[in-house]
Amino acid sequence: MSRPHGKIPLRRREGSPLDVIGPGYGRTGTLSMQAALQRLGFDPCHHMSELIVNLRQMPLWQEALATDPVDVRPVFEGYRATVDFPGCVFWRELTDAWPKAKVVLTVRDPHRWYASAQKTIFSRHMQQPGDPDPDAAEFGRFMTEELRPRILDVGGDRPLNEMDEHEAVEAFNRHIAEVKATVPADRLLVFQVSEGWGPLCDFLEVPVPDEEFPHVNEAGSFHERNRGLFEKRRRSLAAMRSGSAES
């Protein structure tokens, strides 16, 4: 039974900066999940979009990926939750680092996931190539050469974005099966965003908000939203440079 409507409490656990870990792949409703978790008090929630708009993220990820084994804990300092790429690829490291965090695995029909991913996150237009701005060029290089190959390397001969539908769906299902087999059942919720607040709020032990569950980032608006994120990054950089010049 869902908990009653009410004010969402701000929940913190001693020694556990991350309260919620989302190992679901991008295009399983992860942006809706980010909005939902932040509405429930697990704010801020990490998502791939953070790498674009948060200027501290790229150097933190560069440092993390240079460690062996990869240590992603500094990347998530200050975050209450994480969903989407790139965090979902490091779900084992995250669940080991924060053993009290709950795990919400977002899923959807695998063939619909593949069709959506082909139009969006697997697209070669996802980054902003050819930008004369040095930061944009460096960010594009980082995404293309450092991060994207790591997060789309799911085993096999080719990265996830270069697999055909059959191979990609197999990899998608294998990832879900591995999470289910590894994370204890009492710590794991397998969730479709179409289920709404009820199962999520029950699992996280928070009241149900008196508003509809967020549904954002349809595939058709993905690239427009992505351009908006890069524009926000440019404005942040301009403000930072202006402040440096004045000091």
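The values are calculated or read from the model by the stated rules, or taken from the named source; none is laboratory data. All figures in this text were calculated on a predicted structure; none of them were measured in a lab. Cβ placement follows ideal geometry from the backbone for every residue including glycine, while neighbour counts extend to all protein chains displayed. All accessible areas refer to the heavy atoms of the entire protein, side chains included, with ligands and DNA or RNA removed. Shrake-Rupley method; radii C 1.70, N 1.55, O 1.52, S 1.80 Å.
Summary of computed values
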item	result
Tensor-based shape of segment 61-130 (alpha-carbon gyration tensor, a/c under 1.5 rounded, otherwise prolate or oblate)	oblate
Two-decimal Rg to Rh for the chain - Kirkwood Rh, Cα set	0.96
Aspartates and glutamates with Cα under 13 Å of LYS102, excluding same-chain neighbours fewer than 8 positions away	ASP19, ASP186, ASP202, GLU205
Accessible surface of segment 26-123, 1.4 Å probe, proportion on carbon and sulfur as whole %	49
1.4 Å probe accessible area per residue over the chain, in Å²	50
Paramagnetic reach from HIS223 (point 7 Å along Cα→Cβ, amide N under 14 Å) across segment 156-193	none
Per-peptide average of other Cβ atoms within 10 Å, ordering 80-86, 176-182 highest first	80-86, 176-182
Within straight-line cross-link reach of LYS232, aspartates and glutamates at Cα separation under 16 Å, skipping those fewer than 8 residues along the same chain	GLU50, ASP131, ASP133, ASP135, GLU224
Average projection area in nm² (convex hull over Cα atoms of segment 91-201, one quarter of hull surface)	9.0
Added length on full extension, which subtracts the Cα-Cα distance from 0.36 nm per residue, LEU55 to ASP210	52.4 nm
Rounded, prolate or oblate (a/c below 1.5 giving rounded, otherwise prolate when a/b exceeds b/c) for segment 195-247 by Cα gyration tensor	oblate
Whole-number percent relative contact order across the chain, with pairs defined as alpha carbons under 8 Å at least 6 apart	32
